[in-house]
1. Can you grab the distance from the C-alpha centre of the range 112-127 to the C-alpha centre of the range 192-257, Å, no decimals?
2. How large is the charge dipole for the range 132-177, taken about the Cα centre, if only the Cβ atoms of Lys, Arg (+1) and Asp, Glu (-1) carry charge, to the nearest 20 debye?
3. Using the Karplus curve 6.51 cos²θ - 1.76 cosθ + 1.60 with θ = phi - 60°, what ³J(HN,Hα) values do you get for each residue of the range 213-225, in whole Hz, with x for Gly and Pro?
4. Using θ = phi - 60° and the Karplus curve 6.51 cos²θ - 1.76 cosθ + 1.60, what whole-Hz ³J(HN,Hα) does each residue of the range 119-131 get, with Gly and Pro shown as x?
5. Give me, ordered by chain and number, the residues 5 or more places off Ser241 or on other chains with an amide H under 5 Å from its own placed amide H.
6. With a point put 7 Å past each Cα toward its Cβ, work out how far Leu257 is from Lys222 in nm, to one decimal.
7. Arrange the peptides 151-163, 216-228 so that the one whose residues have, on average, the most other Cβ atoms within 10 Å appears first.
8. Once the Cβ-Cβ distance between Phe120 and Ile175 is put in as r, and R0 is 45 Å, what FRET efficiency do you end up with, to the nearest 0.05?
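Read-outs: derived from the displayed coordinates by stated rules, not from any lab. Quick caveat: nothing in here was measured; it's all calculated off a predicted structure. Here Cβ is always computed from backbone atoms with ideal geometry, including for glycine, and neighbour counts include all displayed protein chains.
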Amino acid sequence: MKRLLPLSLVLLFVLPFSLVAQRSKWLKKQNVRVATTFNYLPAGDPFFFTNFFSAQSDDLILNFITANSGTFIIEEGDILYFTRTKTNEAPSQILGIGASVQFMSQQATFHEFSLTKLSFFKSSFKDDYFLIDSTGNPRLVLRYGEDQQAAAYAFRYEFGKYFGDQKYGNLHFGIAGSIEPSLYTYRRTPNTNSFGQFFPFEGKIFALEVALIPMISARLSKKVTLDIKAIPNILIADFGSIKEENPIIPESQKVGLRDFDPPVVNMAFSVLLRYQIQEAKRSRRRKP
């Protein structure tokens, strides 16, 4: 996974831009447009943890020999079997702002590179219980709290086409195919003086999604357009999980599970405000 992520980022950004730099003639024939994007993204799926353990009860049990009789036997407590379930819903980016650059030919086919997720999250919670003694002095008897950190990164490459003559009309339809790798990191650290009950959660999740994107493009002025995209992301690969760093439980119970099987479709939406920074140069016709 650690080797796959840098390789995908290189293929997604470094390779296309290096090819563009080498093909300056191709670049001059493209309309180059940059955009600010407003993205709606569905929340991430929760992780479920299940632990099994047993304990010996120290209570004495009175078992009557016959019903409604006064004769009984005193027995020691039984072994108790417990099942503990936990649900971890890590912070998710629902609404976000991104950016994109688009290279569109005179035939209205385009390549687009977008930064769809770039978020950092940090929070802290603390709950203290104090005991006031007879002298009026407070004494901390219990503290519970947690610190959370999360980050999300995602990039999307699209290849598509707008339909209709771009010179005429202010409303056009288009369609594009896309591929989008993403990385999510998460850590939750307990802040408590009650040892042995709360443990950290940590994880990294790499995902790869593809989509067939329909879009509407409205021309607001000669250089400004507004695009609206519906993005049915199909999850085709998912690596990693969130893990509870609990040394007491078996290794198989530390890893959280999600209730889905790829491919999974998640609906996202994007609104892009584009500005054209370069107009394509038309090729001159040679005189006979």
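1. 11
2. Details: 5 positive and 5 negative charges, 35 e Å.
Here the size comes out at about 180 debye.
3. The phi angles translate into 9, x, 8, 10, 10, 10, 7, 8, 7, 4, 10, 10, 10 Hz.
4. Here the 3J(HN,Hα) series is 9, 10, 10, 8, 8, 9, 9, 8, 10, 10, 10, 10, 10 Hz.
5. Residues meeting the criterion, in which the H sits 1.01 Å from N, are Lys204.
6. That separation, rounded to one decimal, is 6.3 nm.
7. Working: 151-163: 19.2, 216-228: 14.3.
Per-residue mean Cβ counts within 10 Å order the peptides as 151-163, 216-228.
8. Numbers: r = 33 Å, r/R0 = 0.74.
In this case the efficiency is close to 0.85.
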